[in-house]
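Read-outs throughout are calculated quantities, based only on the coordinates presented, and are distinct from any laboratory measurement. As the structure is a computational prediction, the values presented were derived from the model and not from experiment. All Cβ positions, even for glycine, are placed from backbone atoms using ideal geometry, and neighbour counts span all protein chains on display.
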Amino acid sequence: MRFTPASIALAAVLTTVSSVGMTQRPDTQISPLSVEWQQAGAVARKAGNLSAANDALETALVIDPRNRSAYIELAEVARAQGLQGKAIRFYREALLLDPSDVNALVGQGEAMVEKGAVAKAKENLVQARNACKSDCAAVGKLAAAIEKGPPATVLSAKDGVAAPKAPVTETP
C-alpha cells in the first residue's frame, strides 16, 4: 500500500515519455510547407527578386530549421548580394545538417575564394572530392575557381593611393 503513490507517479512519467517519442518526425522528413516556401524562394532568386527570395527562404527555415536546401538557397541569395561572409555562414549551417553535402561544400568553397580565403577553399575542395560519389562537375567548378583565384579588388577615385613621401635630406 505504501508503494501506490510512487507506482502511480512512475506510470504517469512512463506514459508521458513514450507519447512524446511517438509525435516527433524523423530527421530526414522535412515539412512539406517548408519545402513549398523553399521552392518559392528559389523561383524568386532565379527571377532576380532577391528580397522576396530572402523572405521566402527565411520563412521556410522558420517552419522547419532542418531544411538544408533552404540554407543553400539562402547562401546563394547572399552571394548574389555580394555578402560572401553571410553565404559562408549559411553553407556552414547546411553542413552541420549533412557534412557530406557536396553542393554546400562547393558553394562554401566558391564563396571563400570570392572572399579571398583560398587556403580554406582548398580544404573544402579536398572534402568535396572525398564526399563526391557520382556527378562531380561541381567539384571541378570549385577547382577552377581556386585556380583562377579571388577577384581583383577595384580601387575607386575615393580610395586614391597616397604618393610616397620622399625623406627630407639636407644638402651640405
query: Let a ≥ b ≥ c be the square roots of the eigenvalues of the Cα gyration tensor of region 40-133; is it rounded (a/c under 1.5), or, if not, prolate (a/b larger than b/c) or oblate?
result: oblate
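Quick one: length gained pulling Val43 to Val62 fully straight, 0.36 nm per residue minus the C-alpha distance?
5.0 nm
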message: Could you derive backbone 3J(HN,Hα) for region 92-100 from the dihedral phi with the Karplus parameters 6.51, -1.76 and 1.60 (θ = phi - 60°), listing whole Hz in sequence and x where the residue is Gly or Pro?
response: 4, 4, 5, 6, 5, 6, 8, x, 9
- prompt: Short version: ³J(HN,Hα) in whole Hz for each residue of region 50-60, in order, from phi by Karplus 6.51 cos²θ - 1.76 cosθ + 1.60 (θ = phi - 60°), x for Gly and Pro, what are they?
  reply: 5, 5, 5, 4, 4, 4, 5, 6, 5, 5, 4
- line: The answer for the net charge of residues other than Val35 whose Cβ lies under 12 angstrom from its Cβ, with Lys and Arg +1 and Asp and Glu -1, is -1
